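Encoded as structure tokens, the structure appears first; notes follow it.
The values are calculated or read from the model by the stated rules, or taken from the named source; none is laboratory data. Remember, it's a predicted structure, so these values are computed and weren't measured experimentally. Glycine gets a Cβ as well: all are built from the backbone with ideal geometry, and neighbour counts include every protein chain shown.
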Amino acid sequence: MNMDMTSISLVISGLVLFWAFSNDHWRVLIRPQVINSVLGGILALGLAWNIRAYLPGMAVDALIGLSFQFFGASLLVAMYGLRPAIVMLAGVTTIVALASSWTLNHALHQFLVLGVFPAMCACGVMRLVGGCLPKHLFVFIFGHGYVAGVLSVIIPAVCLMIWHQAFWPTSLGLSMDLVDWFVTLVVLSLTEGSLSGMLLAVFVIYKPNWVPRFNDQEYLKIPAKDQA
């Protein structure tokens, strides 16, 4: 059973990475003005994935993998786009897996659950925000940073909880006290959204070249300079 799940996760991860590299979007990561933020982001997120905290008195296995840590998938999507974010998340997973001696199954699980699924949810929220709200700096930071960050935790966590409840309600150590689980989810999602929004605001203001998805002319209404 475990080998079957590992094989399935490996196939899914391979298909996701193939899709991420299937066009030139990922090349934004190797631009000279961006490469420093990319390498720094991978290292910083690798450290964040190794720092976890749990509610006092709460069993580690009671929250279906939910712990107080910065996932960062939503922030990467807001800065670089979905495909480049997935490439970076693969790098983060590889570094942490090697440093922490993760098994292949655990590494694939982390890549999909902490990386790909939240990144896809965040991308969907950002597209919804971009399609429904005007192009404005506040909308970009609040919608793409805070709101997308919050929902990138809530949506995967709820889906994962429903999946576990439906198929493995006891074998995976799922706590039946949904109040504790819900409180932790709220705190975790608000923390993720706050950190994503704060960091996105700092980067947009002080290091806009680190945020290729942010366009001054589009969000700040700055006219393009006349070309000589």
Would you mention how many residues in segment 98-137 are within 21 Å of Ser7 (Cα to Cα) and either touching a strand residue (DSSP E or B) at 6+ places or on another chain (Cβ under 7 Å) or outside any helix (DSSP H, G or I) (or both)? 3
Cross-chain or 6+ apart pairs with Cβ under 9 Å, segment 151-162 first and more than 11 Å from Ala119 (Cα to Cα), then among the polar types (S, T, N, Q): Ile154/Ser189; Ala157/Ser189
Just one of the numbered conditions (1) at pLDDT 80 or above; (2) surrounded by 12 or more Cβ atoms within 10 Å (Cβ to Cβ) is not true of Asp216; which one? (1)
Lone unmet requirement of (1) over 22 Å from His109 (Cα atoms); (2) of a type outside the set (S, T, N, Q); (3) surrounded by 18 or more Cβ atoms within 10 Å (Cβ to Cβ); (4) modelled with pLDDT under 75 for Trp210: (4)
For segment 22-43, which residues satisfy the criterion of being under 17 Å from Thr93 (Cα atoms) and loosely packed, with under 15 Cβ neighbours inside 10 Å? Leu39, Gly40, Leu43
Here is a list: Ile86, Ile155, Ile95. Which entry is under 22 Å from Val186 (Cβ atoms), part of a helix (DSSP H, G or I) and among the β-branched types (Val, Ile, Thr)? Ile155
Which pairs have Cβ atoms under 7 Å, sit 6 or more apart or on different chains, and link a residue in segment 44-58 that is surrounded by 10 or more Cβ atoms within 10 Å (Cβ to Cβ) and modelled with pLDDT of 55 or more to one that is outside any helix (DSSP H, G or I) and not hydrophobic (A, V, I, L, M, F, W, C)? Leu45/Gly72; Ala48/Gln69; Ala48/Gly72; Trp49/Gln69; Ile51/Gln69; Arg52/Ser67; Arg52/Gln69
